[in-house]
1. I need the full set of residues from segment 1-13 which are in contact (Cβ under 8 Å) with a residue 12 or more places away in the chain and open to solvent by less than 90 Å² (accessible area, probe 1.4 Å), in order please.
2. Do any residues in segment 46-73 that are without any contact (Cβ under 8 Å) to a residue 24 or more places away in the chain have Cβ atoms under 8 Å from those of residues that are open to solvent by 70 Å² or more (accessible area, probe 1.4 Å) and not hydroxyl-bearing (Ser, Thr, Tyr), where the two are at least six apart or on different chains, and which pairs are they?
3. So which residues in segment 14-27 are closer than 19 Å to residue 2 by Cβ and either assigned to a strand (DSSP E or B) or open to solvent by 70 Å² or more (accessible area, probe 1.4 Å) (or both), if there are any at all?
4. If you go through segment 31-38 one residue at a time, do you hit one that is under 23 Å from residue 4 (Cβ atoms) and open to solvent by 40 Å² or more (accessible area, probe 1.4 Å)?
5. Mind checking which residues of segment 39-73 are within 17 Å of residue 4 (Cα to Cα) and surrounded by fewer than 18 Cβ atoms within 10 Å (Cβ to Cβ)?
6. If I ask for residues that are touching a helix residue (DSSP H, G or I) at 6+ places or on another chain (Cβ under 9 Å), of a type in the set (Val, Ile, Thr) and over 18 Å from residue 64 (Cα atoms), which ones from segment 1-53 would you list?
7. Go through segment 28-41 residue by residue and tally those that are more than 8 Å from the chain's Cα centre (by Cα), in a strand (DSSP E or B) and closer than 14 Å to residue 61 by Cβ.
Amino acid sequence: MKPEDYSRRQQELEGWAITIETYKLGDVYHCSVANVDPGARFARADGSTREEAESRALEKAARYLKQTRRFGV
């Protein structure tokens, strides 16, 4: 099986720059959210449609980012 319908974009969520990657593998869409600066993936989700997978992953990402403390420099 090869990934299809791949997309990658950047946006801001809860004051953080994130990268959203989505692709279709078989009949399931997979989405992962990563922090732009260190590039660490911290939220993933699957769904039957692109919108469903992305909304689930972004919901998890928002929840995690709200819990993250930021220190001023």
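1. If the condition is that a residue be in contact (Cβ under 8 Å) with a residue 12 or more places away in the chain and open to solvent by less than 90 Å² (accessible area, probe 1.4 Å), then 3, 5, 7, 13 are the ones that fit.
2. 46/56; 47/56; 48/27
3. Those that are closer than 19 Å to residue 2 by Cβ and either assigned to a strand (DSSP E or B) or open to solvent by 70 Å² or more (accessible area, probe 1.4 Å) (or both): 21, 22, 23, 24, 25, 27.
4. Checking segment 31-38: not a single residue is under 23 Å from residue 4 (Cβ atoms) and open to solvent by 40 Å² or more (accessible area, probe 1.4 Å).
5. 46, 47, 48, 49, 50, 51, 52
6. Those that are touching a helix residue (DSSP H, G or I) at 6+ places or on another chain (Cβ under 9 Å), of a type in the set (Val, Ile, Thr) and over 18 Å from residue 64 (Cα atoms): 22, 28.
7. Of the residues in that region, 1 qualify.
The values are calculated or read from the model by the stated rules, or taken from the named source; none is laboratory data. Keep in mind the model is a prediction, meaning the values are calculated, not measured. Neighbour counts run over all protein chains shown; Cβ positions are idealised from the backbone, glycine included. Remember, those area values only see protein heavy atoms, side chains included, never the ligands or the DNA or RNA. Shrake-Rupley method; radii C 1.70, N 1.55, O 1.52, S 1.80 Å.
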